[in-house]
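Accompanying notes for the structure given below.
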Amino acid sequence: MSSTQAAEKPSWKDEYGSQLETPESAVSNLRPGQRVFLGAGCGQPLRLLQAMVARSKDLVDIEIIDFLTLADVPYANPELAHKFRINSFFIGEGVRDTLQQGYGDYTPIFLSDIPRLFSSGKLPLDVAMIQVSPPDERGRCSLGVAVDIAKSAAENAGLVIAQINEHMPRTHGDSYIHIHNLDIIVAHNEPLIEVPPAQATDVTKTIGEYIAALVENGSTIEFGIGAIPQAVAAFLKNKQNLGIHTEMFTDSVIDLIEAGAIDGSRKSMDKGKVVASFCMGTRKLYDYIDDNPGFAFYPTEHVNDPFIISRQNKMVAINVAMEVDLTGQVCADSVGTQFYSGIGGQVDFNRGAAKSPGGKAIIALHSTAKDDTISRIKTTLSPGSGVVTSRGDVHYVVTEYGVAYLHGKSVQERAVALISIAHPKFRGHLLKEAIQAGFLPGDFADTETGFVVGLRNYHATQVLNDATLVTFRSMYPTDEPAVRDLFYKLSQQTIYYRFMSRMKNLPRRQIKDLVYINHRTDVAVVATVPEAHGDQIIAVGRYYLDQTTNRAEVAFIVQDDWQNKGVGTMLLDELTKIAKRNGIKGFTAEVLRENRSMQQVLNKSDCNISCTPDDNALSYKLDFKS
């Protein structure tokens, strides 16, 4: 091509002028029976929607394809149901009531799969109505806050109508669409939809704190939709070198960046960048991300690809559930037969995080609904509730009562773990139903009071002389298998010293007595060390309170390989701290004469000690110093 020919080629600016139309003129191109995609979330082209509905008298049987509609939209009116039929991939607040009344439909699908529906022709799009930023000097507009599935929709629709809005931020990444690829342009400036930060309740904060404790320094995080994932951010400010690879984020990401918690330096891909496909927040967030190279917005088929997610080291996926049954099945998109939200990216990120080196897949939920009248942890899912994340995919489940780890666990272990983190008022009922369902054997019937999660917020660490870090925490009902393993690692001498009996095995009944405790009059602490397969219990300390004397009988057992290293002394120290906080006067202990190690531990304690010999044992009395 000659320089003269190149000079004569129309510039995008010339084309831009020829594409400009009014909103009314633009929507006059819609025809009855067409399938129309509408930009999602905070990127909805509101002016175009108003013009479309205003023309409803000329339209019939328009199928509206939407995703996470937040605003009250005029087409979601039951009176217009014969004009506009809603088909939602993720039911947002703006259309929820209409769909639950039966005026519309819901298509359950993994978020990562939606673009393929468009490109394959399985769900052909006649029209895509989107909202973009003004073009740059090269003629590229940005999809801004809502790249998600909008980019694929625009690439595959027969007609693309774009509302150009100066309020739309220009985001970096793969967010651009050129003027040449837009058929009709409507220039209209209006504020974007804003979603103020949700006010976290005490319950939500507690769940957020538990989740944050699972997040290690250097992790890459996905925040799913909902108040719980966003509440986690408040407890991450003291973390270091965090990265973000998520389908969406909110204003909370600003605080984490400014606190120095997020720098993306440990990410395996897109180092130093916050990666997402859309965001929902306030004008503060939109201004923050505008032309900010620290953020990269990509289409859903990239962000939600489980393979790409799995390539991040220590990928942590945080998503929410409506219900979880005792086998670990997760319902996240419906309440019974009423569809509430959608599959979204939960499965994409759950599976990706599970395959990530050091990754964690977390499902979170409030333990109850409707003012504590309904348990969200159920023996079986409510009739009509569907499974979004299968029992085979579930790893961590978190409520305000603790954390249950289910992956690789038997149904019995799962049931025990989930009952333990259910609301206390429902644990007894769940236990009975679990026995009736055959998830638990009948001898669990008398352990109802034992389904108590350990002391809230109790967690301590100490370092042995050989630099081994030992962690101390409460005993959980889920520790039953580990306690059994500990017993069979003990020598006969250690068993005799602890139980004053030469036992060859530990009956299940006795194991349950060790594990199912109330953590008030009966307190147990375990000492653990990290192993490749998870934390290993190396010692158990316990006290039993005699409320008539306000003294507690103390006993503990240490695995032989860990004896004479100070673990017993540390256990006594931790139990003493707990007992003092509970207002207990002191300890008592019965120690065999030949058990010199236990005697040394008690004699070194910072207590007023008295010791009375008896036949083959010594009776200790330890008074705590004020």
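Read-outs: derived from the displayed coordinates by stated rules, not from any lab. All figures in this text were calculated on a predicted structure; none of them were measured in a lab. As a convention, Cβ positions derive from the backbone with ideal geometry for all residues, glycine included, and neighbour counts pool all protein chains shown.
Taken over the range 52-189, the percentage of Cα pairs per 5 Å bin, counting from 0 up to the bin with the maximum distance, is 2, 10, 18, 21, 21, 17, 9, 3, 1, 0. Spherically averaged projected area of the convex hull of Cα atoms, the range 324-436: 6.9 nm².
In terms of the mean number of neighbouring beta-carbon atoms within 10 Å, the peptides 588-594, 487-493, 375-381, 247-253 order highest first as 247-253, 375-381, 588-594, 487-493.
Under conditions of 20 °C and 1.002 mPa s, the range 202-442 yields 118 µm² s⁻¹ as its translational diffusion coefficient, taking Rh as the Kirkwood radius over Cα pairs in the Stokes-Einstein equation. Rg and Dmax of the chain, both derived from C-alpha coordinates alone, stand at 30.2, 113 Å.
Measuring against 22 Å, Cα to Cα, the residue pairs Lys432/Lys489; Lys580/Lys604; Lys489/Lys565 contain Lys432/Lys489 as the ones spanning a longer distance. Considering the options Val591, Thr548, Ser619, tell which one lies farthest towards the positive end of the dipole of the range 480-626, charges being +1 on Lys and Arg and -1 on Asp and Glu at the Cβ, about the Cα centre. With unit charges placed on the Cβ atoms, the residue in question is Thr548. Within the shell defined by Cβ-Cβ distances under 14 Å, the residues around Gln19 carry a net charge of -3, with Lys and Arg each +1 and Asp and Glu each -1. Only lysines eight or more places from Lys267 in sequence, or on another chain, were considered; those with a Cα closer than 19 Å are Lys237, Lys239, Lys314, Lys355, Lys360.
In a reduced charge model with +1 at each Lys and Arg Cβ and -1 at each Asp and Glu Cβ, the chain shows a dipole moment near 2000 debye about its Cα centre. DSSP beta bridges confined to the chain are antiparallel in about 50 percent of cases.
Between Ser610 and Asp443, the C-beta separation translates, for a Förster distance of 35 Å, into a calculated FRET efficiency of about 0.30.
Dipole check for the range 13-110: with +1 at the C-beta of Lys and Arg, -1 at the C-beta of Asp and Glu, and the Cα centre as origin, the magnitude is about 100 Debye.
A full extension of the chain between Glu93 and Ala259 corresponds to an added length of 56.6 nm, given 0.36 nm per residue minus the alpha carbon distance. If I stretch the segment between Arg116 and Thr201 completely, what's the gain in nm (0.36 nm per residue apart, minus their alpha carbon distance), one decimal? The Arg116-Thr201 span can extend by a further 26.7 nm. So if R0 is 25 Å, what FRET efficiency would Asp305 and Ile374 give, r being the distance between their Cβ atoms, rounded to the nearest 0.05? Here the calculated transfer efficiency is 0.10.
May I ask you to derive the FRET efficiency for His407 and Asp14 from their Cβ-Cβ distance with R0 = 60 Å, giving the value to the nearest 0.05?
Working: r = 59 Å, r/R0 = 0.99.
Here the calculated transfer efficiency is 0.50.
Taking the square roots of five times each eigenvalue of the Cα gyration tensor of the range 534-626, the equivalent ellipsoid has semi-axes of 21, 18, 11 Å, listed largest first. For the range 234-386, the dipole from Cβ point charges (+1 on Lys and Arg, -1 on Asp and Glu) about the Cα centre works out to 580 debye, to the nearest 20. Remark: relative contact order (the chain) = 8 percent; criterion is Cα-Cα distance under 8 angstrom and separation of 6 or more residues. Only helical runs count toward this figure. For the chain, summing -39,500 (n - 2.57) over DSSP H runs of n ≥ 4 and dividing by all residues gives -7500 deg cm²/dmol at 222 nm.
Computed on the range 234-363, with alpha-carbon pairs under 8 angstrom and 6+ residues apart, the relative contact order is 22 percent. Overall dimensions of the range 246-343, expressed as equivalent-ellipsoid semi-axes from the Cα gyration tensor (√(5λ), whole Å, largest first), are 28, 18, 13. Once Rg and the Kirkwood radius are both taken over the C-alpha atoms of the range 459-624, their ratio Rg/Rh works out to 0.93.
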